[in-house]
Amino acid sequence: MNTGIKLFTILALICCFSLGNVQAAQTNQIKYPVVMVHGIFGFDDIWGIDYFYGIPQAMEEMGAQVFVASVSPANSTEVRGEQLRTFVQAVLAQTGAEKVNLIGHSHGGPTVRYVASVSPELIASATSIGGVNWGSKFADFMRGQVPRDSFSEWLIKQGLDTLAKVITGASGTEQRPQDSLAMTESLTTEGSLLFNSKYPEGMPSEYCGTRDSLAGNGVHYFSWSGSGVITNIFDPSDYALSLTSIVFDEPNDGLVSSCSANLGHVIGNNYKMNHLDQVNHSFGITSWSETNPVTLFRQHVTRLANLGL
């Protein structure tokens, strides 16, 4: 075989191998749409500021259909969960898909768990990022500072409810009922344990535990979270979270302890990320020595695709 024929053969084999890889990549796309759910006082975007900064776009580049849910910035997990269930039904009607993959941050963690529990037939997977799954000691602290049924409780509630309405208005989404007191109760340890007794799917059998992703209701559960609050000296939110972290006596991200965030298959709970870093929130100002949070979401899209979800 002369040199020209050998070279042609080699090039042909390379082309076939490359095309085969492209076809494999194309068939290994994520199957179901992704619905993302914000935490307390969250939003889709306000004046160009995204809650999930750059993350939906990154997942869309990988072929995912991504929707950011509209739920009350401040209300109980069950109320937010019913709002999310309605949103999911609308996404299914729009896309023609049979199920969705839910991803919730902070209070969005138990919110997606609620929908996966009451309507598992609609949900392929539920992923919790820094989720309040075993309760938050910061919520415990805040609830303990205000006497129940007092004037100060009423006054604080009015102020926080108004803030939630302002956030909803600024984000251009539909006004929804707000109840910051019910929100706080949901996020306390007591409120979270009560919620877990009603909607146990995906929860590890013990605090700080992990489990297989597939639960008895047919839904796959995943989680990851962070530890540490000062992750980038140029991020002003780090300093606020360093104050809130004082109430914790265990590794935490400033608002949720690392172990409290565990749900289903725990991908990791000690990333050098504070509560806002986990969703790339402060314009992507995160630790230079840790995996970029956007990368974790990209990897998760691949993980779900490999599971046929």
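Would you confirm whether any residue within the range 228-236 is in contact with a strand residue (DSSP E or B) (Cβ under 9 Å, 6 or more places away or on another chain) and under 18 Å from Pro293 (Cα atoms)?
Yes, the range 228-236 contains at least one residue that is in contact with a strand residue (DSSP E or B) (Cβ under 9 Å, 6 or more places away or on another chain) and under 18 Å from Pro293 (Cα atoms).
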message: Looking at Pro147, Pro73, Pro56 in this structure, which one is open to solvent by less than 40 Å² (accessible area, probe 1.4 Å) and part of a loop (DSSP other than H, G, I, E, B)?
response: Pro73
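I want to confirm something. Restricting to the range 101-124 and keeping residues that are outside any helix (DSSP H, G or I) and over 14 Å from the mean Cα position of the chain (by Cα), which single residue is surrounded by the most Cβ atoms within 10 Å (Cβ to Cβ)? Steps first, answer last, please.
Narrowing the range 101-124 to residues outside any helix (DSSP H, G or I): 101-107, 119, 123-124.
From the residues that got through so far, the ones that are over 14 Å from the mean Cα position of the chain (by Cα) too are 119, 123-124.
Details: Ser119: 17, Ile123: 27, Ala124: 24.
Restricting to residues being outside any helix (DSSP H, G or I) and over 14 Å from the mean Cα position of the chain (by Cα), the top hit is Ile123.
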- line: Of the residues in the range 198-238, those that are at pLDDT below 95 and assigned to a helix (DSSP H, G or I) come to Ser237, Asp238
- line: Listed by first then second residue, the pairs whose first member lies in the range 185-208 and is in contact (Cβ under 8 Å) with a residue 40 or more places away in the chain and farther than 29 Å from Gln145 by Cα, whose partner is open to solvent by 50 Å² or more (accessible area, probe 1.4 Å) and not hydroxyl-bearing (Ser, Thr, Tyr), with beta carbons under 6 Å and at least 6 positions apart or on separate chains, are Pro204/Arg211
task: Kindly provide the set of residues from the range 80-100 that are open to solvent by less than 60 Å² (accessible area, probe 1.4 Å) and out of contact with any helix residue (DSSP H, G or I) (no Cβ under 8 Å at 6 or more places or on another chain), ordered by number.
output: Gln83, Phe87, Ala90, Val91, Thr95
query: Across the range 226-267, which residue is nearest to Ile40 (Cα to Cα) among those that are more than 19 Å from the chain's Cα centre (by Cα) and hydrophobic (A, V, I, L, M, F, W, C)?
result: Ala240
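The values are calculated or read from the model by the stated rules, or taken from the named source; none is laboratory data. Computed from a predicted model, the values in this text were never measured in an experiment. Using ideal geometry, Cβ is built from the backbone for each residue, glycine included, and neighbour counts are taken over all protein chains shown. These area figures cover heavy atoms from the full protein model, side chains too; ligands, DNA and RNA do not enter into them. Shrake-Rupley method; radii C 1.70, N 1.55, O 1.52, S 1.80 Å.
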